[in-house]
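Read through the structure below, which is laid out as structure tokens, and then see the notes.
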Amino acid sequence: MRVTRRTPLASLKRRDEASSIARAEAVPCAPAARVAAAPRQLQNRWLIGVAAFILLGGLTLLYALPLYSRHTSVVVMARDVQIGSTLTAGDVTTADVSVGDQVAVVHPQDGILGKTALTDLRRGSLLSPGLVGDAPLLADGQDLVPIRVKLGQRPQQGLTPGQAVLAVPAPQDPTSPGGTALTSAQPFRATVASFGQPDPATGDVVVDVRVPAADAVGLARAAGTGSVTLVALSGGGSP
């Protein structure tokens, strides 16, 4: 009689688990996933951005350098100075500004201390060479006469200190007794010493002129009527 040996159930389970482990170890592992490289489009955009930044910086320098090269140190009034006063170190200061070649300015190295103000100098204004001078305001035998001139009684391009002018009596009514006297009066040769700011309401300007002492009274009388016209003479020098 043949006897069949039965394998216990627990042994069968252990045998199946061992087979599963062996099969699992035999299966090759999947290769590790590789990190994808940065897209080429992103790199191109970054390069384009850098190139644009460099180009913008170059254009900025190209525009700014000519402007900065025109900057220069100039003399500016630190406080108000009246005509005839001598400039001192406390009257002026310096500023770094950009001015065109057509603008006349005074540089710190020009040595303006000790010079005489030929007109009223306002605080904050640029100092130009024609506003100060070495000579005193009045020479011997000269007098200073103020003339109030309206629009149309002075050159539109303006006057400058030292400008030679002809003060011409020109009454509005030549037929009046006073007008007849003014019409017959001879013009006065004079030199502009200074001038004020235009009146905001009327546009009138007071111009101080230097004249020989012998002509001072006659010019003052004519100027008192408000009928004197200033004519700029060629050359701009003293008459």
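In whole angstrom, the range 71-133 maps to an equivalent ellipsoid with semi-axes of 18, 11, 10, each derived as √(5λ) from the alpha carbon gyration tensor and ordered largest first.
Remark: the range 212-219, residue by residue, has Karplus-estimated 3J(HN,Hα) of x, 4, 5, 9, 5, 5, x, 5 Hz, where x stands for each Gly or Pro and the curve is 6.51 cos²θ - 1.76 cosθ + 1.60 at θ = phi - 60°. Distance in nm between label sites at GLN186 and GLN82, each 7 Å beyond Cα in the beta-carbon direction? Distance between label points: 3.5 nm. Residue by residue, the range 109-122 carries 3J(HN,Hα) couplings of 7, 6, x, 9, 5, x, 7, 9, 6, 8, 7, 5, 10, 9 Hz when phi is fed to the Karplus relation 6.51 cos²θ - 1.76 cosθ + 1.60 (θ = phi - 60°); x denotes Gly or Pro.
Karplus-based coupling profile of the range 49-55, in residue order and whole Hz: x, 5, 5, 5, 5, 5, 5, with θ = phi - 60° in 6.51 cos²θ - 1.76 cosθ + 1.60 and x standing for Gly or Pro.
Ranked by the mean number of other Cβ atoms within 10 Å of their residues, highest first, the peptides 140-150, 85-95 come out as 140-150, 85-95. Estimated at 0.36 nm per residue, the fully extended path between LEU56 and LEU233 surpasses their Cα-Cα distance by 58.4 nm. Can you give me the long-range amide H partners of THR160? Hydrogens built in the peptide plane at 1.01 Å from N, cutoff under 5 Å, separation of 5 or more residues or another chain. Result for THR160 returns nothing.
Only the coordinates and a few stated rules stand behind these numbers; no lab work does. None of these values were measured; they are calculated from a predicted model. Neighbour counts run over all protein chains shown; Cβ positions are idealised from the backbone, glycine included.
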